Amino acid sequence: ELEGEAASARRHTPLLRPALDLDLLCQVPYVGACIAFRGGEHAPTSLDAEAGAVAVLRLALEGRRIAHVPAILFSARQSVAANDGAWVAQVGAALASDASVSVVPAEALFGAPVAGAARIKRRPASQIVSVIVPTRNALDLLKPCLDSVLAAAADNRTELDLIVIDHESDDPATQAYLADLNAKGLARIIRYEGRFNFALMNNLAVEQARGEVLVFLNNDTVVISRDWQAEMASQAERPDVACVGAGLLYSDGTLQHAGFVAREREANFLIHDGVGAASSDAGYLGRYALLHRTVAVTGACLAMETKKFKALGGFDAAHFPVEGNDVDLCMRAQSQGLKVLYDPYVAFYHLESKTRGFSREGEKLKVAEASGRLLWSRWGEQFGVDPFYNKRFDREARPFTRLRPLS
């Protein structure tokens with residue numbers, strides 16, 4: 001057992017950073033103190049980590065290319081954390097010319113707050129957000145979902161255009177509830193008949209949507225963040241952003257979704273980040289509590305600007321009728337140079353797969369596995385190596401929990 005100076009020299013608390021993520025950098029100076037600059041005119045005059053992060057931030061905002069070396073290059077006696085208020089002020093100064101944003105201290109909606117982090121609040125330009133919810137009966141799930149969406153509508157700067165896709169509901173109570181919503185002008189009901197095809201029914205609903213921004217929402221979700229609609233619109237309408245996903249919690253308050261991570265293999269190519277984490281857990285480097293880029297987000301709650309959705313051709317209903325359509329859309333968008341974001345300031349409870357059940361056996365499992373193989377064949381070469389999931393982490397463990405052996 002190590003004692004004295006040897007014990008104090010043991011390396012621990014590794015900071016294995018992702019590739020450049022400007023949205024993340026605008027919240028925390030995560031790039032650290034080991035930074036190389038080409039050309040002395042770009043280098044900071046101070047050697048501290050925050051000065052280096054400010055220099056990287058300003059270069060990134062100018063559109064300069066910032067490379068990332070995912071290897072472990074050095075160790076320090078103490079990790080550097082953002083000072084309370086200091087980084088908020090630095091980011092505020094860097095973004096001062098953009099009148100549509102305000103920079104404020106971050107407050108975590110769930111998870112532990114990240115010390116010294118900034119939040120970039122954006123004012124949505126969109127006037128209407130179309131929220132599309134498919135259902136087949138399931139009034140016990142549908143009513144809490146829609147009631148929560150309607151109750152939060154007044155807390156948003158955007159008008160709500162609520163569309164329910166009714167897939168052959170034959171339960172009298174569900175039919176009566178939908179008829180009442182329609183009669184009161186609270187929601188528009190679109191009847192869909194035929195074999196279940198999540199992608200197709202949503203594509204058809206988009207043709208009748210009035211909003212500049214679309215939100216695809218499962219019927220087994222319940223709103224937590226009342227201003228969620230405006231928040232998602234403000235992110236989705238950014239020119240360089242395609243898909244925006246929410247933080248999803250199980251009914252017991254533990255995390256169900258904080259974006260996806262990709263692993264460089266066909267089997268289980270993509271997995272959810274954060275599954276089962278406690279609501280008090282901010283995640284590795286605060287990722288559950290901070291807006292950040294991700295390779296994909298789940299269609300259980302996914303926002304996208306209408307014109308971008310249509311330009312990409314919508315969901316691929318022919319090849320991904322049930323599983324994988326959300327991921328395929330996210331990766332098609334990224335192949336066109338657009339971002340996919342996880343937004344922790346949008347939060348829902350998600351009673352995952354309560355309507356259709358899990359894809360763990362029988363025909364459902366076969367469909368899920370086939371979708372996974374097709375996703376890998378389409379996108380594995382391009383997105384299998386996740387730039388936001390440092391290669392030093394073990395791909396067999398839960399994301400960001402165990403290191404790979406040194407080779």
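The values are calculated or read from the model by the stated rules, or taken from the named source; none is laboratory data. Everything numeric in this text was worked out from a predicted model, so none of it was measured. Virtual Cβ from ideal backbone geometry, glycine too; neighbours counted across all protein chains shown. Heads up: the accessible areas ignore ligands, DNA and RNA and are worked out on the full protein's heavy atoms, side chains in. Shrake-Rupley method; radii C 1.70, N 1.55, O 1.52, S 1.80 Å.
Numbers at a glance
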quantity	calculated
On Cα atoms only, tilt of 362-383 relative to the major axis of the chain in degrees	40 degrees
Largest to smallest principal axis extent of the C-alpha atoms in the chain, angstrom	73, 49, 37
Listed residue pairs exceeding 25 Å between alpha carbons, taken from 307/339; 121/391; 339/391; 364/391; 310/366	121/391; 364/391; 310/366
Area accessible to solvent at residue 25, 1.4 Å probe radius, in Å²	0 Å²
Contact order relative to length of the chain, as percent, for alpha carbon pairs under 8 angstrom and 6 or more apart	17 percent
Two-decimal Rg to Rh for region 259-407 - Kirkwood Rh, Cα set	0.95
³J(HN,Hα), Karplus 6.51/-1.76/1.60, whole Hz, each residue of region 145-151, x for Gly, Pro	4, 5, 4, 5, 5, 5, 5
Most mobile of 203, 137, 268 in a GNM of the chain (Cα contacts under 10 Å)	268
Cα lying deepest toward the dipole's positive end in the chain, options 367, 222, 27, charges on Cβ	27
Solvent-accessible area per residue for the chain (1.4 angstrom probe, square angstrom)	47 Å²
Sorted largest first, extent of region 90-244 alpha carbons per principal axis (Å)	57, 31, 28
Kirkwood hydrodynamic radius over Cα pairs of region 217-337, then Stokes diffusion coefficient at 20 °C and 1.002 mPa s, in µm²/s	141 µm²/s
Dimensions (Å) - region 49-131, Cα atoms, principal axes, largest first	50, 33, 27
Top positive-direction residue, dipole computed over region 259-337 with Cβ charges, set 271, 318, 302	302
Rg(Cα) / (2.2 N^0.38 Å) computed for region 259-304, rounded to two decimals	1.24
Bridge type composition, the chain - antiparallel percent by DSSP, nearest 5	50 percent
With every protein chain in place, region 132-213: carbon and sulfur % of accessible area (1.4 Å)	50 percent
Cα-centre dipole for the chain with unit charges at Cβ (Lys and Arg positive, Asp and Glu negative), debye to 20	880 debye
Residue-span extension gain [residue 45 to residue 252] - 0.36 nm each, minus C-alpha spacing	69.6 nm
Rg(Cα) / (2.2 N^0.38 Å) computed for region 277-340, rounded to two decimals	1.30
Candidate lysines for bridging to residue 143, where Cα separation is under 24 Å - those fewer than 8 sequence places away on the same chain excluded	184, 354
Within the accessible area of region 22-122 (1.4 Å probe), percent carbon and sulfur	53 percent
